[in-house]
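The values are calculated or read from the model by the stated rules, or taken from the named source; none is laboratory data. Everything numeric in this text was worked out from a predicted model, so none of it was measured. The area values use the complete protein model at the heavy-atom level, side chains included, leaving out ligands, DNA and RNA. Shrake-Rupley method; radii C 1.70, N 1.55, O 1.52, S 1.80 Å.
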Amino acid sequence: MECFVAFLKDETGATAIEYGLLAALISIAAIAAMTLVGTGLSTKLSSVAGSLN
């Protein structure tokens, strides 16, 4: 029983999980931002290419 209680109180892996979740959230935000920038850049380059023809 003492081993089970010690297991429940053990928080050594909590920090690694928190860092993993934070990295995943930052990655999702970066992908979303790059997608928006890429779409806008593609539109702008298409406009420039069209005006050169």
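Assorted remarks:
- Once the gyration tensor of the Cα atoms in the chain is diagonalised, the equivalent ellipsoid follows with semi-axes of 52, 6, 5 Å, ordered largest first.
- Percent accessible area from carbon and sulfur atoms, the chain, protein chains only, probe 1.4 Å: 73 percent
- Excluding ligands, DNA and RNA, the accessible surface per residue across the chain is 92 Å² with a 1.4 Å probe.
- Net lengthening on full extension, LEU22/THR39 (0.36 nm per residue, minus Cα-Cα): 3.5 nm
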